[in-house]
1. Quick check for the stretch 11-147: number of Lys pairs with alpha-carbon distance under 18 Å, counting only pairs 8 or more apart or on different chains?
2. With charges set only on the Cβ (+1 for Lys and Arg, -1 for Asp and Glu), what does the dipole of the chain come to about its Cα centre, in debye to the nearest 20?
3. Please arrange VAL147, VAL159 by counting, for each residue, the other beta carbons lying within 10 Å of its beta carbon, fewest first.
4. Only loop residues by DSSP count here, and only those with at most 15 other Cβ atoms within 10 Å; note down the chymotrypsin sites (Phe, Trp or Tyr not before Pro) in the stretch 40-144 that meet that.
5. Angle between the Cα long axis of helix 109-124 and the longest principal axis of the chain, 0 to 90 degrees, nearest 10?
6. Return one number: the angle in degrees, 0 to 90 and rounded to the nearest 10, between the long axis of the Cα atoms of helix 138-147 and the longest principal axis of the Cα atoms of the chain.
7. Calculated from DSSP H runs of 4 or more alone, at -39500 (n - 2.57) each and per residue, what is the 222 nm mean residue ellipticity of the chain, nearest 500?
8. Restricting to Cα pairs below 8 Å that are 6+ residues apart, what does the relative contact order work out to for the chain? Please round to a whole percent.
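Taken together, the values in this text are just the output of simple stated rules run on the coordinates, not laboratory data. Quantities reported herein were computed from a predicted structural model and do not represent experimental measurements. Glycine also receives a Cβ, built like all others from the backbone with ideal geometry; neighbour counts cover every protein chain displayed.
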Amino acid sequence: MASKESKKMTNDRIVVKAIEPRDEEDWNKLWVEYQGFQKIVMPLEIARTTFARFLDPQVKLWGAIAIDTETGNTIGFTHYLSHLTAWQVEEVIYMNDLYVTENARIKGVGRKLIEFVYKHADELGTSSVYWVTDHFNHRAQLLYTKVAYKTEKVVYKRVEH
């Protein structure tokens with residue numbers, strides 16, 4: 001029987017990489033799980049289009065996945081995009097989604113995904129990376145306060161019609 005120590009996920013077991021075509025099935029599984037976490041269901045066309053955009057070099061939307069190298073399981077993802085702003089010359093990065101499977105949370109996976117985005121932002125020539133989260137997502141905010149700062153802004157959204 002394996003010891004508790006050998007079952008513990010360590011930060012060096014986690015690899016984060018840009019999404020590739022061969023990752024579609026694993027990403028789709030997490031995408032569906034993420035929708036359940038968000039209490040939404042999106043049409044399949046959104047998944048297909050989003051994944052295709054990750055692979056299109058003309059589109060400034062990227063995805064990265066986290067893999068547990070010991071099990072080979074995909075355990076998290078992030079999606080992020082680059083856009084212009086009137087507040088600075090360089091484009092900024094908006095981290096649109098960050099998701100880690102339930103059994104891999106609080107083990108450094110989210111931090112590694114954010115660090116991957118930060119590194120890519122630096123390569124693109126911008127240090128400006130931002131994201132939003134639900135006000136009640138306290139577990140995620142414990143991490144976010146260690147890798148970023150909380151702004152004073154409140155987000156408003158157009159009522160869909």
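1. 10
2. Magnitude of the dipole: close to 580 debye.
3. By the 10 Å Cβ count, ascending: VAL159, VAL147.
4. Filter output for the stretch 40-144: TRP87, PHE136.
5. With both axes taken from Cα atoms, the answer is about 40 degrees.
6. Here the helix axis deviates by roughly 70 degrees.
7. -11000 deg cm²/dmol
8. Normalised by residue count, the contact order of the chain is 20 percent.
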